[in-house]
Every structure is written in structure tokens, then in C-alpha cells.
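Each remark here refers to the structure printed beneath this line.
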Amino acid sequence: MRELRIHGHEPVVSHQRLMEPFQVPDADAVIHLAGLARVRESFQDPLAYWETNVAGTLNLLKALRGQRFLFASTAGVYRPADATLTEESVREPSSPYAATKAAAEDLVAWAARSGQIGAATLRLFNVAGGGDTDTTRVITRAVATAAGQGPGMEVYGDGSAVREFVHVRDVAAAFVTALETCEVGESTVYNVGGTSASVREVLETVEEVTGRPVDVTWRPANPDEVKVQRADTSRLRALGWAPAHSSLKEIVSDQWAALHR
């Protein structure tokens, strides 16, 4: 909301349910952030994820004509690989959640190709900071553990696995950048990442920032776990975007401060 207003856009928040007949407010663009987004939960109830994330997106698209449409997707759509991922990397979702996002991406792309909308799909890597409450995410869980708000955390392997993290404020800026370059009839995909760091580096940074230990139970490594996942964000950077708040220390500091507001 703040980023949109800073750049001269007036956001209108819709609280309509995706599965009900959708009435689009008087707006020239729609940013679709709604949906179910827990990987483990999606294995337990995949049909609910397909109904909400796919059928719900379809229901929303049916109501659009001529608007620009921004869709929040996930890096989980990519085939797991120990490599830097570009927007052309192979998609091979490894969870029902990621599969629903990949399917919704296709709906959005075909709607744009038909000339119905202009589309930008943003594949978000590990979003953190800003007072995130989802403790299934490693930074959020580690900070909460340091604050004594959880039973501790489990780490599988030696903590050397590398992941890509991005501050929620940089994600908001990415949406504004994509919005301002989106054209009806076109469909573009963007990776949104910021800083690559290992799990052990996350734990060390949390302890440094908070001055408190993080209670960790170390478990045997998952043999199928991807060791390194990094994002190539050059496509989005070419439009002038850059992650200004996504250093590991700033993300952790922001999350820690949010717990004490």
C-alpha cells in the first residue's frame, strides 16, 4: 500500500471471496495476492488448494477486461536444482501448493495472450521481515525462537543449505515496478529475490542481532534436499528495481524489531 502511494497509485483493497462472483472495483490494475500458501498443509488437503488457488484465480480472471494484472507466484514452481534460477528454468512443482501456482500462472499467461489483460507474474523466493507471523519460514522461526516464543527449531543437515531471501518491502517495490511496465496483451515473469544465505548464516545473524541464542535441534539431512537455490533477478533489475532492504542483517533486525513494537 505504502509503495503504491509513494509512486502515485491509489490502492483499493477488496475483501471479496475468490470463489464468489467477483465485482472488480473501478481500477485499471489488479494485484492478486489472495490464496492458500502453506506447503505442508497443501499435502494434507490438496483439493482445497486447487479450488482456492486455481479455480479462484480463474473466477477472478473472468471478471477482468483490459486491466493490468499482477500475480504473486512462488519460486516453488521451479524444478529443484543446485543452480541459479532464471525465469526460463524448468518448472517442476514439488508440492500441491506449487502445482496450483504453476497452473494459475498458465491461466494468467493465456488470458494475457488473448488480449484480455496485461500480466506480470512475480515468482517470490523466501519473503521475510516486516513482522511476518508464519513460523514455518526459517528467519521468522529463528527470530521467534530467540525471543522465547517457540519450542525451538529443527534443522536438517549441517546448516549449509543456501536459500534466497528477500525483504517484504523489496517485494512491494517489485510489484510497483512490474505494474508500471505491464501492457495489455503481454505477459512477463519476474524472479524476486534479494540475498543468498545458508541456514547456518541465518542462525548466526539472528544470534548476533538479538544477542540471544537460538535453540536448535539438529536432524539428519534429507537426501533429496536441494543444497543451493539462488535467484537470477536481472530481468527485474533491468527495469530499475533493486533489493534495497534485503541484506540478511536488515531482514533479521526488522523482524526482531517488529516483535517488540
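The values are calculated or read from the model by the stated rules, or taken from the named source; none is laboratory data. These numbers come from a predicted model, not from an experiment. Cβ sites come from the backbone with ideal geometry, for glycine too, and all protein chains shown count toward neighbours. Ligands, DNA and RNA are stripped out before the accessible areas are found, and what is left, the full protein with its side chains, is counted by its heavy atoms. Shrake-Rupley method; radii C 1.70, N 1.55, O 1.52, S 1.80 Å.
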Item checked: Solvent-accessible area per residue for the range 45-115 (1.4 angstrom probe, square angstrom) -> 43 Å²
Checklist line | Separation of the TRP110 and LYS62 label points, Cα + 7 Å toward Cβ, nm | finding: 1.5 nm
Margin query: So, for the range 117-261, what is the accessible surface per residue at a probe of 1.4 Å, expressed in square angstrom?
Written below: 44 Å²
Checklist line | Highest-fluctuation residue, TYR190, TYR156, TYR78 considered, GNM on the chain with Cα pairs under 10 Å | finding: TYR156
Checklist line | Calculated FRET value between GLU41 and VAL184, using beta carbons and R₀ = 51 Å, to 0.05 | finding: 0.90
Next item on the list: Determine the sum of side-chain charges near VAL226: Lys and Arg each +1, Asp and Glu each -1, restricted to other residues whose C-beta is under 13 angstrom from that of VAL226.
Entry: -1
Margin query: So if I take the centroid of the Cα atoms in the range 90-134 and the same for the range 178-251, what is the distance between those two points in Å?
Written below: 17 Å
Item checked: Heavy-atom SASA rank of ASP158, ASP134 (probe 1.4 Å, accessible area, largest first) -> ASP158, ASP134
Checklist line | Carbon and sulfur %, accessible surface of the chain computed with the full protein complex present, 1.4 Å | finding: 49 percent
Next item on the list: Using a 1.4 Å probe and ignoring any ligands, DNA or RNA, find the accessible area of TRP241 and quote it in Å² to the nearest 10.
Entry: 10 Å²
Note to self: With angles folded into 0 to 90 degrees, how steeply does helix 168-181 sit against the dominant principal axis of the chain? Use alpha carbons for both and round to 10.
What the structure shows: 20 degrees
Next item on the list: Would you mind checking the tilt of helix 96-113 against the longest principal axis of the Cα atoms of the chain, expressed as 0 to 90 degrees and rounded to 10?
Entry: 30 degrees
Next item on the list: Write down the Kirkwood hydrodynamic radius of the chain, to one decimal in angstroms, obtained as one divided by the mean of 1/r over all alpha carbon pairs.
Entry: 19.2 Å
Item checked: Prolate/oblate/rounded label for the range 187-261 (Cα gyration tensor, a/c 1.5) -> oblate
Next item on the list: With unit charges on the beta carbon (Lys/Arg positive, Asp/Glu negative), name the residue among MET19, GLN44, HIS7 whose Cα is farthest towards the positive pole of the charge dipole of the range 1-71.
Entry: HIS7
Check: How much length, in nm to one decimal, is gained on full extension between VAL90 and ASP26, taken as 0.36 nm per residue of separation minus their Cα-Cα distance?
Finding: 19.3 nm
Note to self: What does the extension gain come out to for ALA147 and THR217, with contour length at 0.36 nm per residue minus their alpha carbon separation?
What the structure shows: 23.5 nm
Margin query: Give me the one-decimal Kirkwood hydrodynamic radius in Å for the range 76-178, with the sum taken over alpha-carbon pairs.
Written below: 16.1 Å
Check: To the nearest 10 degrees, how steeply does helix 248-258 sit against the main Cα axis of the chain, on a 0 to 90 scale?
Finding: 90 degrees
Checklist line | Cα principal axis extents for the range 137-236, largest first, Å | finding: 50, 31, 19
